[in-house]
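Colleague: Sharing a structure with you now.
The values are calculated or read from the model by the stated rules, or taken from the named source; none is laboratory data. Keep in mind the model is a prediction, meaning the values are calculated, not measured. Every residue, glycine among them, receives a Cβ derived from its backbone with ideal geometry; neighbour counts consider all protein chains shown.
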Amino acid sequence: MRIIRISSVLNMLYELIFTYPAPSNLSYFWNFGVYALVCLGIQIITGIVLAMHYTPEINLAFSSVEHIMRDVNYGWLLRYIHANGASMFFIVVYIHTFRGFYYSSFCHPRQALWIVGVVILLLMIVTAFMGYVLPWGQMSFWGATVITNLLSAIPVVGKEIVIWLWGGYSINNATLNRFFSLHYLLPFVIAGLVGIHIILLHENGSSNPVGIASGYDKVPFTPYYTVKDGYGSILFLLFISLFVFFAPNLLGHPDNYIPASPLVTPPHIVPEWYFLPYYAILRSIPDKLLGVIAMLCSILILAAVPFIIKPEVRSMAFRPLSRYLFWIFVIDCLVLGWIGGKPVQYPYLEIGQVATIMYFCYFLIFYPVVIWIETFFWTNESYIDGMRRLYANKKYLYSSSSL
């Protein structure tokens, strides 16, 4: 019986990797899912090795990181790969998500696939935040203090939740131990969800740049896309190597090389760059509770996208209004990231508030309205006939003038 089970698992893996029929027109933007899988593998492997030398104790954590950097063989390399790998992980996942928006990969029958992806993103955010605390530098300590204190905004039970999370009345050794344990555990949960994500993808089939489902124009995943993914993964690893060997601290904060001190508050507390858009949304609302709700909704609204947005024509390559609006949305997200790293003062606060309104209006107002307009033109037969006649007349005039 065990042999039969092993055989069925191997057959499933064989079908997933070798015989899976994939659309023949997938571009390199579809490689970013594989790049995310590569990043997850790198983070798990390097994290396991780093955990062997890390000490989750507030008086020794910072020193243990220095020990890894200076005394452990190739410890500096492992830590720089792990630190920059987190940034690369978020880069490829964000691009993967934007690609899903552009080609409407969230539409039927891939709603469950999209929602699992949003859950993976949420767990990535939690895992990365806890990992940012572990070096126990100044920005780690004060970032943990600020972010965990947000839970105190919950009415009635907020303060009790914060005390329970801290394991005391301030961030202490219990907090660090809990964050370390969860930071070690959650990547394996993410790996399990990634497996579910891949299974759902192969059950429902991959989207494609045209946005039209076809059961005929497909090729086997191997060798066509395994070679393409392998080539792209090599280039991606070279890209990571540029940061690891030539600019390992470019994406970090210099204050994290100062040991944590509860008595010295940094003048400007900021999270890692991949949290800055959410941080900007949080700070753009003066009320603490409403700011926390807005920040959570900025992530959870992604899970509602398949039910809010239902375009008739999926690919934005054929929807110019949606395409222009999409790039405005991308710019808005970049503005939020820029504002998140700035102090809360004029004009950054006002710009952040406008960008926050634009962010939510994109999902709730702008995009649905644009889809309605485009659907009207796409399905209105009189409009289509009029455009055909106009095109035919122009073609006739051009041909007459050439004579």
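Colleague: Give the residues of region 176-226 that are at pLDDT below 90, more than 24 Å from M124 (Cβ to Cβ), crowded, with 16+ Cβ neighbours inside 10 Å and of a type in the set (S, T, Y), sorted by residue number.
Modeller: Matches in region 176-226: none.
Colleague: On to the next question. Step by step: first the residues of region 30-64, then only those that are among the aromatic types (F, W, Y) and in contact with a Lys or Arg (Cβ under 8 Å, 6 or more places away or on another chain), then the one that is modelled with the lowest pLDDT. Which residue is that?
Modeller: Selected residue: W30.
Colleague: The conditions are (1) touching a residue at least 60 places away in the same chain (Cβ under 8 Å); (2) closer than 22 Å to V210 by Cα; (3) among the polar types (S, T, N, Q), and Q353 fails exactly one of them. Which is it?
Modeller: Condition not satisfied by Q353: (2).
Colleague: Another one. When region 153-181 is examined, which residues are found to be touching a residue at least 12 places away in the same chain (Cβ under 8 Å) and touching a Lys or Arg at 6+ places or on another chain (Cβ under 7 Å)?
Modeller: Correct list: A153 only.
Colleague: Any residue at all in region 73-88 that's of a type in the set (F, W, Y) and closer than 30 Å to Y28 by Cα?
Modeller: yes
Colleague: Also: Testing L237 on (1) over 21 Å from the mean Cα position of the chain (by Cα); (2) hydrophobic (A, V, I, L, M, F, W, C); (3) surrounded by 13 or more Cβ atoms within 10 Å (Cβ to Cβ); (4) within 30 Å of S206 (Cα to Cα), one condition comes back false. Which one is that?
Modeller: (1)
Colleague: Keeping to region 52-87, report how many residues are over 22 Å from F246 (Cβ atoms) and polar (S, T, N, Q).
Modeller: Matching residues across region 52-87 total 4.
Colleague: Under 7 Å between Cβ atoms, at least 6 apart or on separate chains: pull out the pairs that start in region 196-221 with a residue that is within 14 Å of L113 (Cβ to Cβ) and outside any loop (DSSP other than H, G, I, E, B) and end on any residue that is of a type outside the set (D, E, K, R) and modelled with pLDDT under 85.
Modeller: As it stands, the answer is I198/L16; H202/L16; H202/Y20, since those pairs meet every condition given.
Colleague: Oh, and also: Collect the residues in region 30-69 that are under 16 Å from H183 (Cβ atoms), free of Cβ contacts under 8 Å to residues at least 12 places away in the same chain and either surrounded by 20 or more Cβ atoms within 10 Å (Cβ to Cβ) or small (G, A, S) (or both), keeping them in residue-number order.
Modeller: Result: S64, single match.
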